[in-house]
Amino acid sequence: MDYKVADLSLAAYGRKEIELAQHEMPGLMAMRSRYGAAQPLKGARVAGSLHMTIQTAVLIETLVALGADVRWATCNIFSTQDHAAAAVVVGPEGTVDAPAGTPVFAWKGETLAEYWDEAEKVFDFTDADGNKIGPNVLLDDGGDITMLVHLGLEFEKAGVVPSQDSTDNEEYKEVLRVLARSVANDSTRWTTIAGGILGVTEETTTGVHRLYERFKEGSLLFPAINVNDSVTKSKFDNKYGCRHSLIDGINRGTDVMIAGKTAVVCGYGDVGKGSAESLRGQGARVVITEIDPICALQAAMDGFEVKRLESVVETADIFITTTGNFDIIRVEHFEKMKHQAIVGNIGHFDNEIDMAGLAQIPGIVKDEIKPQVHQWIFEDGKKIIVLSEGRLLNLGNATGHPSFVMSNSFTNQVLAQIEIFTKTDEYPIGVYVLPKHLDEEVARLHLDAIGVELTELTKEQAAYIGVDVAGPYKPEHYRY
Ligand code: NAI
């Protein structure tokens, strides 16, 4: 088995944490008991790109328990939990000397070059005769491996991969390097891979956004299931997950007292709502910035001040971006922030904060306090603390969302994988959300574990509100 992780000897520790997590992931464990015998994913070759955490380990092993062959990379250079990666490679039955699990290509603290080299390896399956074969399903978080297939095919068809000098973007340079190499080695590689993919299931807001854009411009190559917009994903993971893991990241990164400080949360979508509540729960005075009048009004009526960043940049202590947009915190803001202001991002990509611009401020020095915590020292001695180099801090500085909420997200992922793999014909090219009855089912699977007593409709009540006793209970347009 090929793999690349930091240290296989961490597998025993990882296994213990996987077992703890399984107890907190009733949805995923129900998938195993419900579908284990039927093996609905037998024949599926799943290429995955998603934060390689303990919770993801339980997801991977659930896909394997349902019959899938899986290869995995992370979707972020700082988010891997090395003991989780090691445990997945070793597998529940294997040993460090004879790993028998799933190939993983991820470690905490990859360089951008390493990241893209490893991302490409999820496409290298082998068939029973040892021949190279591509995946037939993708499981993506943020859309990076989906992008590799689309760009790979585009460049292959054009017969040329743009030179790395054609871009100033350091990350895109690496994408071009990896694709140039693969096209040079095999001029039909991406045509073959793209032709074999039945579909992708996408985890997050930013990746989903990229899929809808591709579909709109007519360039989407295969159907996609938008897992993010299952209610039991975005209204739980994005909100309650961030409510848990945002302050975890700030605390582990800085251990600064949050109570009494002024914290600015940029964006009041699902992640912003969870983040603002997280900080308020610690006693911070929270200010929101928004561009959407509906979300701005929501924030105000939830009791938050809503201001422009420019109005509070000189006085606030903590700045968190949650927008999924770019250029939110820029050089002109850094220059006005006060000494020891803390800046972090919890949105998917690092471009919410202009890190390149920060590095170019004349005389500025970047000083590492510890991995993923840096102070940027200005010429006049002012210091700004930046977490996870502007990448999502809840996974870079802490361990991301806890198992219970990820069980909701990942049960949707498993259901979406089964849908796309077993009902391919029902999904022409397009972007779909899972049907509501499955969304309700995911929630239902998590009720017992936290002692919820669900009231049952009588037949008469069901008829009165026009639903079936067994659900779905809400129309598609209901917003929760
Ligand atoms: P969303 O679309 O619900 O919220 C984003 C909000 O930012 C919107 O209300 C939008 O109006 C606002 N916004 C956009 N531009 C802005 C600007 N210039 N200034 C102020 N506000 C602005 O998206 P969601 O689901 O909250 O996701 C946000 C980001 O977080 C995405 O990149 C997503 O992929 C990522 N994410 C990260 C997670 C993590 O664990 N770190 C978990 C889930 C999602």
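The separation of the stretch 218-241 from the stretch 281-305, counted between C-alpha centres, amounts to 24 Å. 3J(HN,Hα) along the stretch 258-266, derived from phi through the Karplus expression 6.51 cos²θ - 1.76 cosθ + 1.60 where θ = phi - 60°, amounts to 7, 4, x, 6, 9, 10, 9, 10, 8 Hz, with x in place of Gly and Pro. With the charge dipole of the chain set up from +1 on Lys and Arg Cβ and -1 on Asp and Glu Cβ about the Cα centre, the Cα lying farthest toward the positive end among the listed residues ILE225, HIS333, ASN251 is that of ASN251. Within the chain, helices built from complete DSSP H runs that reach 15 Å or longer along their own axis (Cα positions) and carry a mean Kyte-Doolittle hydropathy of 1.6 or higher are 54-65. Site pair ARG479 and THR167 shows an inter-label distance of 3.6 nm when each label is modelled 7 Å from Cα along Cα→Cβ. Between VAL365 and THR422, the contour length at 0.36 nm per residue exceeds the alpha carbon distance by 15.1 nm. Rounded to the nearest Hz, the phi-derived 3J(HN,Hα) couplings of the stretch 72-79 under the Karplus curve 6.51 cos²θ - 1.76 cosθ + 1.60 (θ = phi - 60°) are 9, 10, 8, 10, 7, 5, 10, 8, where x marks glycine and proline.
In whole percent, how big is the carbon plus sulfur part of the accessible area of the stretch 8-197, probe 1.4 Å, protein atoms only?
Working: 3720 of 7200 Å².
Solvent-exposed carbon and sulfur of the stretch 8-197 make up 52 percent of the total.
Using a/c under 1.5 as the rounded threshold, could you call the stretch 90-136 rounded, prolate or oblate? The axes a ≥ b ≥ c are square roots of the C-alpha gyration tensor eigenvalues, and prolate needs a/b larger than b/c, oblate otherwise. Cα axes put the stretch 90-136 in the oblate bin. A 1.4 Å probe run over the stretch 89-224, with the rest of the protein chains in place, finds 43 Å² accessible per residue. Would you compute the Debye intensity of the stretch 108-216 from its alpha-carbon atoms alone, equal scatterers and no solvent, and pass along log10 I(q)/I(0) at q = 0.17, 0.23 Å⁻¹ to two decimals? Scattering profile of the stretch 108-216, log10 relative to I(0): -0.87, -1.48. State the Cα centre-to-centre distance between the stretch 140-194 and the stretch 23-59 in whole Å. Taking the Cα centre of the stretch 23-59 as reference, the centre of the stretch 140-194 is 29 Å away. A cut-off of 5 Å between modelled amide H atoms, ignoring neighbours fewer than 5 places along the same chain, links THR201 with LEU138, LEU139, ASP140, ILE225.
The order of VAL90, VAL64 by accessible area, most exposed first and with a 1.4 Å probe, is VAL64, VAL90.
Rolling a 1.4 Å probe across all protein chains gives ARG181 an accessible area of roughly 90 Å². Expressed per residue, the C-alpha convex hull volume of the stretch 1-153 stands at 113 Å³. Remark: spin-label model distance HIS339-ASN185 equals 5.3 nm, labels positioned 7 Å along the Cα→Cβ axis.
Modelled this way, with points 7 Å down the Cα-to-C-beta line, the labels at GLU453 and ALA98 are 5.3 nm from one another. Proximity of backbone amide H atoms, modeled 1.01 Å from N, is registered between ARG285 and GLY260, LYS261, THR262, ALA263 at under 5 Å, excluding neighbours fewer than 5 places apart on the same chain.
Based on alpha-carbon positions alone, could you give the equivalent ellipsoid semi-axes of the stretch 298-418 from the gyration tensor, as √(5λ), descending, whole Å? Semi-axes (√(5λ), whole Å): 30, 19, 12. Given +1 at the Cβ of Lys and Arg, -1 at the Cβ of Asp and Glu and no other charges, the dipole of the chain around its Cα centre is 580 debye to the nearest 20. When you work out D = kT/(6 pi eta Rh) for the chain at 10 °C and 1.306 mPa s, using the Kirkwood radius from C-alpha pairs as Rh and the Stokes-Einstein form, the result is 68 µm²/s. Full extension of the chain segment joining LYS383 with ASP292 gains 29.5 nm, where the gain is 0.36 nm per residue of separation less the Cα-Cα distance.
Taking a ≥ b ≥ c as the square roots of the eigenvalues of the Cα gyration tensor of the stretch 404-460, is the shape rounded (a/c under 1.5), prolate (a/b larger than b/c) or oblate? Because a/c hits 1.5 or more and a/b fails to exceed b/c, the stretch 404-460 counts as oblate. Per-residue accessible area (protein heavy atoms, 1.4 Å probe) orders PHE326, PHE319 as PHE326, PHE319, starting from the largest. Please compute the Kirkwood hydrodynamic radius over the stretch 195-308, one decimal place, Å, based on all pairs of different Cα atoms. Taking the inverse mean of 1/r over all distinct Cα pairs, the stretch 195-308 comes out at 15.8 Å. Counting only protein chain heavy atoms and rolling a 1.4 Å probe, the accessible areas of TYR432, TYR268 rank, largest first, as TYR432, TYR268. Measuring only protein heavy atoms, the 1.4 Å probe finds SER275 accessible over about 0 Å². Solvent exposure of PHE236, expressed as accessible area, is near 70 Å², computed with a probe of 1.4 Å over the protein chains only. Scoring 173-179, 395-401, 110-116 by mean Cβ neighbours within 10 Å over their residues and listing the highest first yields 395-401, 173-179, 110-116.
The values are calculated or read from the model by the stated rules, or taken from the named source; none is laboratory data. Values in this document were obtained by computation on a predicted structure and should not be read as measured data. Virtual Cβ from ideal backbone geometry, glycine too; neighbours counted across all protein chains shown. Note: accessible area is taken over every heavy atom of the protein model, side chains too, but ligands, DNA and RNA are not part of it. Shrake-Rupley method; radii C 1.70, N 1.55, O 1.52, S 1.80 Å.
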